[in-house]
1. If I take every Cα pair under 8 Å that is 6 or more residues apart in the chain, average their sequence separation and divide by the length, what percent do I get for the relative contact order?
2. Under a point spin-label approximation (7 Å from Cα along Cα-to-Cβ), what is the Ile54-Ala15 distance to one decimal in nm?
3. Could you check the simple spin-label distance between Leu63 and Ile92, using points 7 Å along Cα→Cβ, in nm with one decimal?
4. Report the rotationally averaged projected area of the chain based on its alpha-carbon convex hull, in square nanometres.
5. Could you put Tyr29, Tyr55 in order of accessible surface area, largest first, with the 1.4 Å probe and the full protein assembly present?
6. How much of the accessible area of the stretch 8-87, in percent, comes from carbon and sulfur atoms when a 1.4 Å probe is used?
7. About the Cα centre of the chain, how large is the charge dipole given +1 on each Lys and Arg Cβ and -1 on each Asp and Glu Cβ? Please answer in debye to the nearest 20.
8. What value, in deg cm²/dmol to 500, does the helix sum -39500 (n - 2.57) over DSSP H runs of n ≥ 4 give at 222 nm once divided by the residues of the chain?
Amino acid sequence: ILGFSTPPGRLSMMAFVLNALTCALGLLYFIRRGKQCLDFTVTVHFFHLLACWIYNSHFPTTLTWWLVHIVCTALMAVIGEYLCMRIELKEIPLNSAPKSNV
């Protein structure tokens, strides 16, 4: 069903891309470590590959399926890492105690 020529194919590919974007937000809230984003992204997509393989009873061989999943894996990992790194690199407030007049 994935393909550029039909409206359902384009809609399915857009759904995969939107899913990658929302999963990148999930990496931000659940993982919170930039170094672990690639690991969790590849793990999630590997489990998706296994689920597709079991559900369809054959290994996915179409080029568009692989291209969409490679792009979505890259998007999810890069955006998730970027968001996590922004949180990790925030300044740590050192002067949080109330000021006292001496």
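1. 39
2. So the label points at Ile54 and Ala15 sit 2.0 nm apart.
3. Label at Leu63, label at Ile92, 5.1 nm between them.
4. Taking a quarter of the hull surface, the average projection is 8.8 nm².
5. Most to least solvent-accessible, the answer reads Tyr55, Tyr29.
6. 74
7. 240
8. -22500 deg cm²/dmol
The values are calculated or read from the model by the stated rules, or taken from the named source; none is laboratory data. All of these numbers come straight from a predicted model, not from anything done at the bench. Backbone-built Cβ (ideal geometry, glycine too); neighbour counts: all protein chains shown. For the accessible areas, the whole protein counts, side chains as well, though only heavy atoms, and no ligand, DNA or RNA atoms are used. Shrake-Rupley method; radii C 1.70, N 1.55, O 1.52, S 1.80 Å.
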